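The values are calculated or read from the model by the stated rules, or taken from the named source; none is laboratory data. From a predicted model like this one, the values you see are computed outputs, not experimental measurements. Glycine also receives a Cβ, built like all others from the backbone with ideal geometry; neighbour counts cover every protein chain displayed.
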C-alpha cells in the first residue's frame, strides 16, 4: 500500500523528495520520509485526495549523533596478489529530531501510513512545518513533541508547552536528558525546604 | 401525547425501589463494614512481595541465593540486595541485606515471575499503614522472611505447585546424584575390576595366602 | 387549687405545661409584665430548641436515607445507628479554623450567616404547630412569612459578594435570579389558598381544612384539583427557594465548587447549613399548613393523637420527599431554570388561581371538581408538551453497522 | 480610575475563572482557564501536566517487560485494555503469535473492562450533572462486581498487569467462568435500571440533547476516536476495521449516533455496553483450552528485532495506540503512547464555546477522560 501512496505522491509532486524508509522488523510498517519544506503540500494531498483524513498519532523521536560500524570488504593488491581485506569503517551519523505521523483513512478504512519529517540537527535547526492546519488532531500532540523534544512547529496556532510548565527549560524526552537527582526538588518559600536546599547547595555546589 | 414529568416519576420509582430494597435485600448492600467484617480475599490477591524460607529457621532455610535478578527486573527499582560474604571475603549464596521499599513497590509481581529459585512471592496482607513514612515502609530481611507454611496458607494452589516443582527438582537432583553416584560406583567397580584384571599377579599371593 | 398538679391532658401537653408553669410563677408573685416576657421566652426557646434538634436529626437522617437509596449503610459509627453523628459534626465544625479570605469584605462576610439565620428563625413564629399552638397569631401571617423569608436572598448575596471569590459571586447571582423568579409562583400558589379560605391567617387556613367529606375523607386542599396543582407548584418553588436539589444551582457543586459557601468554613458554614435546614422546615411547615391540613389528623378517629404530632409528622414526610428528590434528580441548568419559572410555573400558578375561583363559584361540588380539573389539566399538558417537545427519547435513532 | 470607568469594557463584561486543578468535577487534576460572559463560556483553554510523570521516559529506561505494569497506571479505570494495547504493539513489533486461549481471555477481560468503564462513565456524567450520587453508586456497585472478577483472576482490582507478550499471565481460577457469566447476564438488567432512572428524565434530556453537537467531518479531523467519534455518526470501530485479536470471529454491531451531541455520546455508551455483553457471551462460550502464553515468546530479557511498530486497539475511551521503536536491545528505544483521552480533548474548546458553564462539565464528562492517560 505504501508504495502505491509513494507513487501517487511522486506523480502528483514530481520535484518533491519523498523517500521510503524501510522497516526491517516483522511489523513491516515502512514509512515515508518527507522533506520539511514540502510536508504541508504532501499532507494536504494525502488528506484530500488519498483520504487519509485521520492523523492518529504524532510522536517525536530523538536520534542523537552516533557512529555506525560497518563491515567493509575491500580488495587490495598486496605484493601483486589480489586479496580481500575485511575491516570495519566507522561512519558518523549526524543527529536529528524526527516527527512521526501515523495516518489512517476513516473513509477508506485503511492505514497506517507513516509519515516522517526530520530536522537539520538537534540544536539550531529544529523547525518543522506544523501539520495542525491539515489535521486538527495534531494540535496537542505537536505541542507535546515541542515540549518534550524541542521541535518547533512552524504555523502551529498555539505552540506552548503542554505537559511541563512554561518556565521549564529542558526537553525531557531527549536521549541526552540528565534527570535531576531529586525529583521532588521544588523551590518553595517554605523555610524548612529552603534551608535544606541551601545546605545541599553548599555541599554539592549545585544552584539553589 | 406524552405526559410531561413521567420520566422524572419513573426515576423516582427506581430510587424508591432501591431505598426499600436496601432494607430487605441483603445483597444490594455491597459495602463491607470493614473493621468488623473482613473481605475474603481471592487466592490470587496480591499486595507486596515477601521471601519464603523452608523449615523453621529463616536464615538457614532461606531460598534466596542473592542472584539479584529481581533487583534488576523490578520496574520501580524498589529492591536492594547485598550479597553475603564469609570471613575470607568469598561470596556466599545468601543475601546479607534484602530490602524492599514498599512505599515504592507497585505490586506488579514481576519479581515473582522472574525468580528462578521460587524464593520471592506475593503476600496478601493489606493492613500496612504506618506512622513513619520512611523507615517503617522499608522492609528488611527480618520483616520480609516468612515461612513456607505461611505461604501455603495464603496461596494454597500456587504453593502446592511450587512445592511440587521443588520436590520434583529435588527428586531429579537426587536421582541424578544417585545415578551419578551409581555411575561413579560402577565406574569405580569397573576400574577396580580392571585393576584386578590388570594386576592378577598382585592378587595371587593374597589368594594363595 | 393545687398548683403542683401536673397537667394530664396529653393532647395539649405543650400548652398546658406552659400554662401550668406560668401560673406557678404567678403564685410566687412574679409581676404580670414579666410573665408575658417569660411566656415569650419559653415559646421561642422551645421552638428554637425543637427545630435545632430536628435539624440535627435530619442532617443524619438525610445522609442515611441518601445512603439507603444508593444501597449503602450511611453513617453508623457514632452512637446507636449513627444517631450521634450530628454531635461529632458539630464538634468538628466548631473546632475547625474559621478562614476569612484576605481580600474578603470582612463585615459582609461575617454578617451573611447571621442574616441567613435570622429570617429562617423568624418565620417559624406564624406556623400553627397544633391546635391553639401558634406562637404569633397574625391576621396576615402568610404575608409575614414571605416578607421575612425574602431576607435569605439578601444573605446569600451577601455571602457571595463578601467572599470576593468568583465562584461565590456566580453562585450568588444565580441565587438571586432563582429566588426572585420562584418567589412569584410560590406566593401565587399560596394566594390561591388564601383566596379560597378568605383569610391570610394560618390558623384559619388550617381550620378551614378540618372537615371530613363523607365522614372520613379529609378536606385538605391538596385533594382538590386546583389544590393539588398549587401544592405541586408550591413544592417545586419551595425546593427552589431553599436551594435544594434539583435547584441547588447557587451551590452547584459540580460546577461552582460550593457557590456562595466556597469561602466559608467552621462555625459560619455550620450556621449557613443550619439556616438552610431550618428554612427548609419552615417552608415545609407552610406547605403542610396551606395544603396538607396543618395539624389536622387524616382520619376522624386519629384525632386522639396530639395535633402537633400530626404537624411534625407531615413536615417530616414532606422533608423526606425532598431528600428523595435530591437522591434522584440531576441539577437543572440556569437558563432552563429561568424558563421553567417564568414560562411554566407562573402560567400554571395562574391556572390554579383560575381553577380555584371556578371551584368556589361552581359550588365546590362534583361539577366544580371536573371544571377545575380541566382548567389546570389542559394548561399542564399543553405547556408541558411545549417544553418537552424540544427533547425526547424518541427523537433519536441509532444506526448500527454489522 | 473609579470603578465606574470599567463598566461596559471587556474586562467588566467577562469573568476569568480557573476551573481546576482542584475542582470537584474535572475528573482529576485537570484545569481549564475559562472566560465567562455571564454564565456563557467565551474562551476556554485547557491546561495539562499536573499528573505528568513522563511515563514514556520511564519505559525507555526499563526493560520491555517492566513497562507492562506501568501501562496499568495510564487509564486506571481500564488497565487491562492498556496492557492489551502494549502487548499487541510489542507482538506486532517482534512478530509474536498469541496463544489461542489467550486471545479469548483477552477478549473476555477486555470487554469486561469496557463494561465497567461504561458503567462508571454513566455514573460520572450524572455526578457532573449534579445528581447526588445515586447513579454513581449503582454504577459502582456493578463495576465492583467486575473488579472482583479481575481480582480473583489477576490478583489486583485495578493494577492488573495481566497481559504478557504472546499471551496472558495467569489462567482462570476454578469457578471464574461461572462467576463471570453471572455478572454478564445481570448487566443488561443494570442497564435497564439505569435507563429507567435516567434516559426518560426530562431534566437530563434537556441538559444533554442539543448540547455541543459535533459533526462527522470535524470529529475525524479533530482526531476524536471511540464512542465520541461514533456518536458523531462515523462508522469506525477498530475492532471491526482492524479486526485485531480475534474480533472478526464475533458477531456484534457498531452503533453510531446522528447529531453527536452530549446525549448521543451518553447513549452510545449504553448501547455499546449492550453489544459488549453479546461479545462476552460468545467469547465465554467459545473459550478453547490450551496454553495461555506462546511458549516461544520470551518475557525476561526480551529483545525484539530492530524496527518499529504502531499497534492500536479500541480501548473503552477510544483509539489507544503504542508506537514502539526497538534498536534490538533489551529496552525500548522509543515508547510512545497515543492517549485517546488527551486527543479527544483537542476539540474541547470548540465544543464548549457558547455553552453555559454547567455544560462544560457535562461536555468534559461525555468525552470521558482519565487524567492518568491525559498527562501520562
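Looking at this structure, is residue D:189 part of a helix (DSSP H, G or I), free of Cβ contacts under 8 Å to residues at least 24 places away in the same chain, over 30 Å from residue D:104 (Cα atoms) and away from chain A (no Cβ under 14 Å)? Answer is no for this residue.
Of the residues B:92, B:8, the single one that is touching a strand residue (DSSP E or B) at 6+ places or on another chain (Cβ under 7 Å) and either on the phi > 0 side of the Ramachandran plot or not in a loop (DSSP other than H, G, I, E, B) (or both) is B:92.
Table: residues versus (1) out of contact with any helix residue (DSSP H, G or I) (no Cβ under 6 Å at 6 or more places or on another chain); (2) more than 30 Å from residue D:79 (Cα to Cα).
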site	(1), (2)
B:68	yes, no
B:77	yes, no
B:80	yes, no
B:86	yes, yes
B:98	no, yes
B:102	no, no
B:125	yes, no
B:135	yes, yes
B:142	yes, yes
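Checked against (1) out of contact with any strand residue (DSSP E or B) (no Cβ under 9 Å at 6 or more places or on another chain); (2) at pLDDT 85 or above; (3) under 29 Å from residue D:151 (Cα atoms), residue B:150 passes all but condition (1). Considered as a group, the residues in the range D:99-137 that are part of a loop (DSSP other than H, G, I, E, B) and either surrounded by fewer than 24 Cβ atoms within 10 Å (Cβ to Cβ) or under 16 Å from the mean Cα position of the chain (by Cα) (or both) include one that is farthest from the other protein chains (Cβ to nearest Cβ), and that residue is D:99.
This table checks each residue for (1) in a helix (DSSP H, G or I); (2) in contact (Cβ under 8 Å) with a residue 12 or more places away in the chain; (3) more than 22 Å from the chain's Cα centre (by Cα).
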position: C:206; (1), (2), (3): yes, yes, no
position: C:215; (1), (2), (3): no, yes, yes
position: C:226; (1), (2), (3): yes, yes, no
position: C:232; (1), (2), (3): yes, no, no
position: C:236; (1), (2), (3): yes, yes, no
position: C:240; (1), (2), (3): yes, yes, no
position: C:244; (1), (2), (3): no, yes, no
position: C:248; (1), (2), (3): no, yes, no
position: C:273; (1), (2), (3): yes, yes, no
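Which of the residues spanning the range D:233-245 are within 12 Å of chain C (Cβ to nearest Cβ) and outside any helix (DSSP H, G or I)? Once the filter is applied, which keeps residues that are within 12 Å of chain C (Cβ to nearest Cβ) and outside any helix (DSSP H, G or I), the range D:233-245 yields D:233, D:234, D:235, D:236, D:237. Scan the range C:95-104 and give yes if some residue there is outside any loop (DSSP other than H, G, I, E, B), modelled with pLDDT of 85 or more and surrounded by fewer than 24 Cβ atoms within 10 Å (Cβ to Cβ), otherwise no. Yes, the range C:95-104 contains at least one residue that is outside any loop (DSSP other than H, G, I, E, B), modelled with pLDDT of 85 or more and surrounded by fewer than 24 Cβ atoms within 10 Å (Cβ to Cβ). Just one of the numbered conditions (1) away from chain A (no Cβ under 14 Å); (2) under 30 Å from residue D:362 (Cβ atoms) is not true of residue D:284: (2). I'd like to know if the range C:312-333 contains one or more residues that are over 30 Å from residue D:130 (Cβ atoms), assigned by TED's automatic domain parsing to the domain that holds residue C:112, assigned to a helix (DSSP H, G or I) and touching a helix residue (DSSP H, G or I) at 6+ places or on another chain (Cβ under 7 Å). There is no residue in the range C:312-333 that is over 30 Å from residue D:130 (Cβ atoms), assigned by TED's automatic domain parsing to the domain that holds residue C:112, assigned to a helix (DSSP H, G or I) and touching a helix residue (DSSP H, G or I) at 6+ places or on another chain (Cβ under 7 Å).
Count of the range B:19-44 residues, restricted to those that are surrounded by 10 or more Cβ atoms within 10 Å (Cβ to Cβ) and either facing chain D (nearest Cβ under 10 Å) or not in a loop (DSSP other than H, G, I, E, B) (or both), is 14. Assess whether residue D:155 counts as being free of Cβ contacts under 8 Å to residues at least 40 places away in the same chain and buried (at least 24 other Cβ atoms within 10 Å of the Cβ). Yes: the conditions hold for residue D:155. Of the residues B:100, B:79, B:69, the single one that is closer than 29 Å to residue D:170 by Cα, within 14 Å of another protein chain (Cβ to nearest Cβ) and touching a strand residue (DSSP E or B) at 6+ places or on another chain (Cβ under 8 Å) is B:79. Look at residue C:67 and say whether it is surrounded by 15 or more Cβ atoms within 10 Å (Cβ to Cβ) and either assigned to a helix (DSSP H, G or I) or in contact with a strand residue (DSSP E or B) (Cβ under 9 Å, 6 or more places away or on another chain) (or both). The answer is yes for residue C:67.
Does residue D:213 satisfy the criteria of being out of contact with any helix residue (DSSP H, G or I) (no Cβ under 7 Å at 6 or more places or on another chain), at pLDDT 85 or above and outside any helix (DSSP H, G or I)? When the stated conditions are applied, residue D:213 passes them. Checked against (1) in a helix (DSSP H, G or I); (2) within 26 Å of the chain's Cα centre (by Cα); (3) facing another protein chain (nearest Cβ under 9 Å); (4) within 21 Å of residue C:184 (Cβ to Cβ), residue C:353 meets all criteria but (3). Looking across C:339, C:303, one residue alone is within 14 Å of chain D (Cβ to nearest Cβ) and surrounded by fewer than 24 Cβ atoms within 10 Å (Cβ to Cβ). It is C:339.
Considering only residues in the range D:246-263 that are at the interface with another protein chain (Cβ under 8 Å from one of its Cβ atoms) and either surrounded by fewer than 22 Cβ atoms within 10 Å (Cβ to Cβ) or free of Cβ contacts under 8 Å to residues at least 40 places away in the same chain (or both), the one that is nearest to residue D:104 (Cα to Cα) turns out to be D:251.
For the residues C:54, C:35, the requirement of being at pLDDT below 85, surrounded by 14 or more Cβ atoms within 10 Å (Cβ to Cβ) and not in a loop (DSSP other than H, G, I, E, B) singles out C:35. Flag not set for residue A:43, criterion: surrounded by 17 or more Cβ atoms within 10 Å (Cβ to Cβ) and under 16 Å from the mean Cα position of the chain (by Cα).
The requirement of being in contact with a helix residue (DSSP H, G or I) (Cβ under 7 Å, 6 or more places away or on another chain), surrounded by fewer than 20 Cβ atoms within 10 Å (Cβ to Cβ), under 26 Å from residue C:341 (Cβ atoms) and in the same structural domain as residue C:119 (by TED's automatic domain parsing) is not satisfied by residue C:136. Based on what the data block shows, is residue C:307 under 19 Å from residue C:117 (Cα atoms) and out of contact with any helix residue (DSSP H, G or I) (no Cβ under 7 Å at 6 or more places or on another chain)? The answer is no for residue C:307. Among strands (runs of 3 or more DSSP E) entirely within the range D:293-349, having at least 3 residues that are touching a residue at least 40 places away in the same chain (Cβ under 8 Å) and under 16 Å from residue A:103 (Cα atoms) singles out D:307-315, D:318-326. For residue A:77, the conditions (1) touching a helix residue (DSSP H, G or I) at 6+ places or on another chain (Cβ under 9 Å); (2) surrounded by fewer than 19 Cβ atoms within 10 Å (Cβ to Cβ); (3) more than 14 Å from chain D (Cβ to nearest Cβ) all hold with the exception of (1). Selection of the range D:45-66 for residues being part of a strand (DSSP E or B) and surrounded by fewer than 22 Cβ atoms within 10 Å (Cβ to Cβ) yields D:45, D:47.
Regarding the range B:73-91, can at least one residue be identified that is in contact (Cβ under 8 Å) with a residue 40 or more places away in the chain, surrounded by 14 or more Cβ atoms within 10 Å (Cβ to Cβ) and more than 20 Å from residue D:65 (Cα to Cα)? So far as the range B:73-91 goes, no, none of its residues is in contact (Cβ under 8 Å) with a residue 40 or more places away in the chain, surrounded by 14 or more Cβ atoms within 10 Å (Cβ to Cβ) and more than 20 Å from residue D:65 (Cα to Cα).
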